[in-house]
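This report refers to the structure that appears directly beneath it.
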Amino acid sequence: MQPSIRTVGVVGTGVIGASWTALFLARGLKVLVSDPAPGAKERLFEYLQESWPMLEGLGLHRDASISNCTFVGESLEDHCSEVDFIQENAPERPDLKKKLLGLLDSKTKKDVVIASSSSGIPSSQFISECKYPERVLIGHPFNPPHLMPLVEVVPHDGTNALTVDVAMSFYKAMGKSPVLVNQECPGFVANRLQAALATEAYSLVKRGIVSAEACDICVTTGVGLRWAFTGPFMTNVLGGGGGKDGFHHLLSHLGPAAEGWVKDMNDHAFKFSEENIQKLDNSVQNMLESTDIKEVEHQRDKALIDLINRKKDLGALK
């Protein structure tokens, strides 16, 4: 397995692929990029120019340069021998990923890790055409990858331990906070947690209990602020008085009451019908009436950088 990763192959330049490319460049790597979509090259370099100032806020490697990016065309096929690591970002279609990974596997040195950015499809569903499936795993980032620290590393049953070690070490070297997911499940971990909160938010808005805007405020000024530093388990340790008994104490005392909330949530579980989606969108559109989306995105990214740097200063970023 590759002891030193200097050149990364990035397949696909959508939102995720472009963001990965920006990160790898910021960390001083050479990046070879492919995408069959018309205009992909132009969109990629426009994205890199726009995202670079934010990356400067996180600190650039001394060798960092957009000039280290080479767009090789529609396919990475003719350049697979040049890369030390592959980050695949094709659309969420198992049939497409199966053919693509089979091609990449056949053209790439067998000691090169092939990581898929799949956001919910386990890699076991698209490795059947790979001769060396043991070097394939999921390297799922949280969006946008060039800023968000989390990467979920999800091996399939046949992924070897060395592949996992190389992927974990590589993402750490990129400044990420990789988490090893012990077994495959649809959606992995972070997206399942996100889906649980989001679907309950949708239910509350659909029932008329709260508006979309007010629901967002409940998250951004409440649980979201706290969870940025302490996740649900540590939050409950502290909420239970702290100490080793805090978690058990909180669940023992508040758990029975919470069961009633959960029953009500299950009784009103959100269904993704067109009617329900439209009802949500009406509330969202009201929220957007006086909103500059580009400014929201800019402020979000700036705040993320400030928060990440502050957590680093506090030693709170794993």
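Since every read-out is calculated from the coordinates, none of them should be taken as a lab result. These numbers were taken from a predicted model, which means no experiment stands behind them. As a convention, Cβ positions derive from the backbone with ideal geometry for all residues, glycine included, and neighbour counts pool all protein chains shown.
Numbers at a glance
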| quantity | calculated |
| --- | --- |
| Karplus-derived HN-Hα couplings along the stretch 210-217 (A = 6.51, B = -1.76, C = 1.60, θ = phi - 60°), whole Hz, x at Gly and Pro | 7, 7, 4, 5, 5, 5, 4, 5 |
| Residues Met148, Met234, sorted so that the one with the fewest Cβ neighbours within 10 Å comes first | Met234, Met148 |
| Lys, Arg +1 and Asp, Glu -1 on Cβ, resulting dipole of the stretch 193-270 about Cα centre, debye, nearest 20 | 100 debye |
| Rg over Rh, two decimals, the stretch 7-180 (C-alpha only, Kirkwood Rh) | 0.93 |
| Electrostatic dipole magnitude of the chain [Cβ: Lys, Arg +1; Asp, Glu -1; Cα centre; debye, to 20] | 780 debye |
| Kirkwood Rh (inverse of mean 1/r, distinct Cα pairs), the chain, angstrom | 21.6 Å |
| Of Pro38, Pro149, Pro178, the one that fluctuates the most in a GNM where the chain has Cα springs shorter than 10 Å | Pro38 |
| Given charges at beta-carbon only (K, R positive; D, E negative), |dipole| of the stretch 7-180 in Debye | 200 debye |
| Between the stretch 1-73 and the stretch 113-168, the alpha-carbon center distance in angstrom | 19 Å |
| Helix-derived mean residue ellipticity, 222 nm - over the chain, DSSP H n ≥ 4, -39500 (n - 2.57), to 500 | -15500 deg cm²/dmol |
| Hits among lysines - C-alpha to C-alpha of Lys109 under 17 Å, sequence gap 8 or more where chains match | Lys131 |
| Neighbour-limited loop hits for GluC sites (Glu not before Pro), the stretch 230-311 (at most 12 other Cβ within 10 Å; DSSP other than H, G, I, E, B) | Glu289 |
| Of Ser19, Gly246, Leu150, farthest towards positive along the dipole that unit charges on Lys, Arg, Asp, Glu beta carbons give the chain | Gly246 |
| Karplus-derived 3J(HN,Hα), 6.51/-1.76/1.60, for each residue of the stretch 231-244, Hz, glycine and proline x | x, x, 6, 5, 4, 6, 4, 5, x, x, x, x, x, 5 |
| Local electrostatic count, Asp111, Cβ distance below 15 Å [Lys/Arg +1, Asp/Glu -1] | +1 |
| For the chain, with +1 on Lys and Arg beta carbons and -1 on Asp and Glu, the positive-most of Val284, Phe45, Pro186 along the dipole | Pro186 |
| Amide H contacts under 5 Å for Phe71, placed H, 5+ residues apart | Val33 |
